[in-house]
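Trainee: Here it is: the structure, laid out below.
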Amino acid sequence: MRSRSVGDDLTEGTGNQLVQLVDLMRRNRDFRLLFLGSIVSFLGDWFALVAVAGLVKELTGSEGATAWVFAAEVLPIFFLSPFAGVLADRLDRKKLMILSALLRVVPALGLVAASQLGQAWLAYVCVASISALAAFYEPIASAVLPNVVDEEDLSLAMTVFGSVWGTMLFVGAALGGAAAAAFGREASFLLNAGTFVVTAGLLWTIRRPFNAGRVAAPASVLTHLTEVWDFVRPRKVTRAFLVTKTGVGVGNGVVGLLPVFAVDRFAAGDAGIGILLAARGLGALIGPYIGRRLHRDDGRRLVFWCGASIVAYAIAYLFLPFVTGLWVAAGLIVFAHAGGGNQWISSTYGLQLTTPDAVRGRIMSLDFGLATLAMGLSAILAGVIAEFAGLDVAVWTLAAFAFVYGSGWLAWTRDLWGADEDPVVRAPRGDVAAAVEP
């Protein structure tokens with residue numbers, strides 16, 4: 001009789017998770033609506049991103065141009081995340097998310113004008129505007145999730161909810177590349193605008209409250225951030241989860257160069273861009289499910305696999321410049337982003353467990369802001385290095401940064417993942433003052 005392997009365990013675990021997912025969707029209408037809203041929104045985003053990357057590459061002819069699209073996509077979130085977090089803990093999160101979705105229709109339509117006028121700068125402005133408004137949606141959705149599902153469903157819900165991003169990147173990028181080639185880029189931009197309206201409508205029908213309570217909040221943003229620091233300072237496990245996304249973020253500028261690999265290295269055009277970005281999405285889709293099976297809701301394993309995933313991401317990208325075929329490159333990208341996807345979702349789940357609702361909006365926004373800052377700076381650096389030293393040097397440099405960060409983070413957290421007792425303890429649901437008490 002054949003002995004069981006890790007692959008057998010993972011396959012069986014994935015099957016069980018699918019059964020659990022179907023049950024969760026059936027039982028929880030509000031989670032189902034939140035899930036569908038994210039699917040619709042991300043599908044349009046990835047349709048548009050493939051088209052934008054192809055547009056700016058065509059208009060500028062620059063090897064760094066597509067990396068700067070990714071910088072414009074993430075950097076505004078960093079600058080607005082402190083304000084978004086404060087508002088998320090003071091105001092109605094549901095209304096904030098709906099308003100964010102509806103306002104993004106305007107710059108989404110602006111991409112049509114950028115294409116018609118042939119103006120790359122306008123495309124960058126529209127991408128940055130969509131990103132800025134997303135600061136009031138994506139991290140808030142993570143803060144909302146523990147209030148929309150029951151406590152025993154949170155681990156599965158976070159895995160499934162997090163995999164939406166990868167699923168829609170996988171589907172949206174592949175279809176987006178084909179649609180841009182077949183129907184033109186402007187059709188993708190129009191579809192993206194429409195998805196924001198649909199998302200807002202789905203959110204409006206959710207019944208469960210997005211806030212567990214209100215904070216008696218001081219007026220100053222600085223005071224709010226000080227309160228967050230007072231909470232995380234004595235809690236190393238929370239601080240560790242808060243900075244782990246930066247590990248993948250420092251290497252994420254490589255993603256901004258994938259369209260250049262598709263167009264120049266593999267001569268595959270917009271369709272090739274879609275394939276490589278879809279590979280990124282496939283990895284991000286399967287990573288959280290593999291990670292959930294590996295950590296099994298044990299905090300020590302959760303911490304370890306967060307760090308190990310950063311290292312795996314870096315190693316995969318170190319090999320990318322040696323690849324000469326589009327599909328082999330896609331395979332490496334799947335592996336890299338399986339690590340990246342697990343690391344992103346596992347660290348978010350860790351923060352959800354260790355932070356109370358009263359401060360969770362600010363924690364999630366800070367987490368998202370730090371990650372997007374690293375991603376944005378990495379994308380800018382990728383563009384500069386690619387322009388002056390070439391694609392291969394840019395990829396090796398950024399992957400090396402991620403490898404060093406991941407290795408250092410694992411060494412720093414050795415006392416957590418090597419502890420005798422689980423270091424991840426669920427935070428109380430009380431107010432911030434109570435939660436801050438060590």
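Trainee: Any idea how many residues of the stretch 392-415 are surrounded by 21 or more Cβ atoms within 10 Å (Cβ to Cβ) and among the aliphatic types (A, V, I, L, M)?
Mentor: Number satisfying all stated conditions: 5.
Trainee: Please find, within the stretch 168-197, the residue that is surrounded by the most Cβ atoms within 10 Å (Cβ to Cβ) out of those that are modelled with pLDDT under 70 and not aliphatic (A, V, I, L, M).
Mentor: Gly176
Trainee: Can you list the helices (runs of 4 or more DSSP H) found entirely within the stretch 41-159 that contain at least 3 residues being under 25 Å from Asn342 (Cβ atoms) and not polar (S, T, N, Q)?
Mentor: On the way: elements: 65-90, 93-103, 105-117, 120-134, 138-148.
Hits in the stretch 41-159: 65-90, 138-148.
Trainee: State all residues of the stretch 21-54 that are surrounded by 24 or more Cβ atoms within 10 Å (Cβ to Cβ) and touching a Lys or Arg at 6+ places or on another chain (Cβ under 6 Å); if no residue qualifies, say none.
Mentor: Answer for the stretch 21-54, where residues must be surrounded by 24 or more Cβ atoms within 10 Å (Cβ to Cβ) and touching a Lys or Arg at 6+ places or on another chain (Cβ under 6 Å): just Ala51.
Trainee: If a residue must be under 18 Å from the mean Cα position of the chain (by Cα), modelled with pLDDT of 80 or more and not small (Gly, Ala, Ser), how many such residues does the stretch 79-103 contain?
Mentor: Counting residues in the stretch 79-103 that are under 18 Å from the mean Cα position of the chain (by Cα), modelled with pLDDT of 80 or more and not small (Gly, Ala, Ser) gives 3.
Trainee: Let me ask you something else. Among the numbered criteria (1) surrounded by fewer than 24 Cβ atoms within 10 Å (Cβ to Cβ); (2) more than 30 Å from Asp89 (Cβ to Cβ), which single criterion is violated by Asp298?
Mentor: (2)
Trainee: Given the conditions (1) hydrophobic (A, V, I, L, M, F, W, C); (2) at pLDDT 90 or above; (3) touching a helix residue (DSSP H, G or I) at 6+ places or on another chain (Cβ under 8 Å), and given that Trp344 satisfies all but one, which numbered condition is not satisfied?
Mentor: So Trp344 meets the others, but not (2).
Trainee: If you don't mind, another one. If you check Ala134 against the conditions, is it buried (at least 23 other Cβ atoms within 10 Å of the Cβ), in contact with an Asp or Glu (Cβ under 9 Å, 6 or more places away or on another chain) and farther than 17 Å from Gln352 by Cβ?
Mentor: Details: buried (at least 23 other Cβ atoms within 10 Å of the Cβ): yes; in contact with an Asp or Glu (Cβ under 9 Å, 6 or more places away or on another chain): yes; farther than 17 Å from Gln352 by Cβ: yes.
Against the criterion (buried (at least 23 other Cβ atoms within 10 Å of the Cβ), in contact with an Asp or Glu (Cβ under 9 Å, 6 or more places away or on another chain) and farther than 17 Å from Gln352 by Cβ), Ala134 qualifies.
Trainee: Just checking, how many residues over the stretch 91-129 are in contact (Cβ under 8 Å) with a residue 60 or more places away in the chain and either among the β-branched types (Val, Ile, Thr) or in contact with a Ser or Thr (Cβ under 7 Å, 6 or more places away or on another chain) (or both)?
Mentor: Qualifying residue count for the region: 6.
Trainee: Which of the following residues is under 29 Å from Ile380 (Cα atoms), at pLDDT below 85, in contact with a Pro (Cβ under 7 Å, 6 or more places away or on another chain) and of a type outside the set (Lys, Arg): Leu277, Leu225? Break it down stepwise before answering.
Mentor: Values: Leu277 fails: in contact with a Pro (Cβ under 7 Å, 6 or more places away or on another chain).
Within the list Leu277, Leu225, the selection yields Leu225.
Trainee: I would also like to ask the following. Could you go through the stretch 323-333 and let me know if any residue there is of a type in the set (A, V, I, L, M, F, W, C), crowded, with 22+ Cβ neighbours inside 10 Å, within 17 Å of the chain's Cα centre (by Cα) and over 23 Å from Thr413 (Cβ atoms). Working first, answer last.
Mentor: Residues of the stretch 323-333 that are of a type in the set (A, V, I, L, M, F, W, C), as a first pass: 323, 326-330, 332-333.
Filter once more, keeping what is crowded, with 22+ Cβ neighbours inside 10 Å: 329-330, 333.
Adding the requirement that they be within 17 Å of the chain's Cα centre (by Cα) leaves 333.
Next, from what is left, pick out any that are over 23 Å from Thr413 (Cβ atoms): 333.
Yes: the stretch 323-333 contains one or more residues that are of a type in the set (A, V, I, L, M, F, W, C), crowded, with 22+ Cβ neighbours inside 10 Å, within 17 Å of the chain's Cα centre (by Cα) and over 23 Å from Thr413 (Cβ atoms).
Trainee: So is Val243 in a helix (DSSP H, G or I), closer than 24 Å to Gly369 by Cβ and in contact with a Lys or Arg (Cβ under 7 Å, 6 or more places away or on another chain) or not?
Mentor: Values: in a helix (DSSP H, G or I): yes; closer than 24 Å to Gly369 by Cβ: yes; in contact with a Lys or Arg (Cβ under 7 Å, 6 or more places away or on another chain): no.
In short, no.
Trainee: Among the numbered criteria (1) among the aromatic types (Phe, Trp, Tyr); (2) in contact with a Pro (Cβ under 9 Å, 6 or more places away or on another chain); (3) free of Cβ contacts under 8 Å to residues at least 40 places away in the same chain, which one does Phe319 miss?
Mentor: (2)
Trainee: Let me ask another. Can you spot a residue in the stretch 270-284 that is closer than 30 Å to Asp422 by Cβ, crowded, with 24+ Cβ neighbours inside 10 Å and of a type outside the set (Phe, Trp, Tyr)?
Mentor: Restricting attention to the stretch 270-284, the residues satisfying the condition of being closer than 30 Å to Asp422 by Cβ are 283-284.
This time we only want the ones that are crowded, with 24+ Cβ neighbours inside 10 Å, so: 283-284.
Okay, now just the ones that are also of a type outside the set (Phe, Trp, Tyr), so 283-284.
Within the stretch 270-284, one or more residues are closer than 30 Å to Asp422 by Cβ, crowded, with 24+ Cβ neighbours inside 10 Å and of a type outside the set (Phe, Trp, Tyr).
The values are calculated or read from the model by the stated rules, or taken from the named source; none is laboratory data. Only a predicted model underlies this, so the values are computations on that prediction, with no experimental measurement involved. Methodologically, a virtual Cβ is constructed for each residue, glycine included, from the backbone with ideal geometry; neighbour enumeration extends over all protein chains shown.
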